[in-house]
Amino acid sequence: MRFFLLLVLSFAIFGFSAAQVYGYSPIQFDPNNNILVGYLNYGIAQATEAAQSNGQLAGDWYWTYVLDLETKFVSGINYYAFSVDIANLGRDTATIMVVVTVAADGTESLKSYAIM
């Protein structure tokens, strides 16, 4: 009986820790949250600059609507995965996914981006 309880407890602990390490958790984006908006603005600026350098976008782009936001925490680094509608002044639109990491010291970095 003890073995069975230990086995169930170990599955619960390791299952929870694996879910915390590998999976993103959805959160509600709040446009009044200056911290999240700052991470989003940083990610969009870095991603659109990289996309322009790669010939994927041209001109100035800004975000119009956040479709989805998910986060995870791994080894002292926060990951923010944004899925966002963007537009330019010529009324072109696109959807972009950006992943911004934030280290414990507050250093932001663009981990990846994809234009849909």
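The values are calculated or read from the model by the stated rules, or taken from the named source; none is laboratory data. If you're wondering where the values come from, they're calculated on a predicted model, not measured in any experiment. Note: ideal-geometry Cβ built from the backbone for every residue, glycine included; neighbour counts use all protein chains shown.
Observations on the model:
One line per residue, one yes/no per condition, for (1) over 15 Å from Met116 (Cα atoms); (2) without any contact (Cβ under 8 Å) to a residue 24 or more places away in the chain; (3) hydrophobic (A, V, I, L, M, F, W, C):
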| position | (1), (2), (3) |
| --- | --- |
| Gly55 | no, yes, no |
| Trp61 | no, no, yes |
| Asn78 | yes, no, no |
| Asp85 | no, yes, no |
| Met97 | no, yes, yes |
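- Within the range 51-61, the set of residues being loosely packed, with under 13 Cβ neighbours inside 10 Å and part of a strand (DSSP E or B) is empty.
- Matching residues, the range 93-103, being surrounded by fewer than 16 Cβ atoms within 10 Å (Cβ to Cβ) and more than 18 Å from Val37 (Cα to Cα): Thr93
- Taken over the range 62-107, the criterion of being of a type outside the set (S, T, N, Q), assigned to a loop (DSSP other than H, G, I, E, B) and either touching a His at 6+ places or on another chain (Cβ under 7 Å) or closer than 19 Å to Glu49 by Cβ (or both) is satisfied by Leu89, Gly90, Asp92.
- Note on the range 71-92: among residues that are among the polar types (S, T, N, Q) and surrounded by 12 or more Cβ atoms within 10 Å (Cβ to Cβ), the one that is farthest from the chain's Cα centre (by Cα) is Asn88.
- Close pairs from the range 25-52: first farther than 10 Å from Leu69 by Cβ and modelled with pLDDT under 95, partner assigned to a helix (DSSP H, G or I) and charged (D, E, K, R), Cβ under 9 Å, at least 6 apart: none
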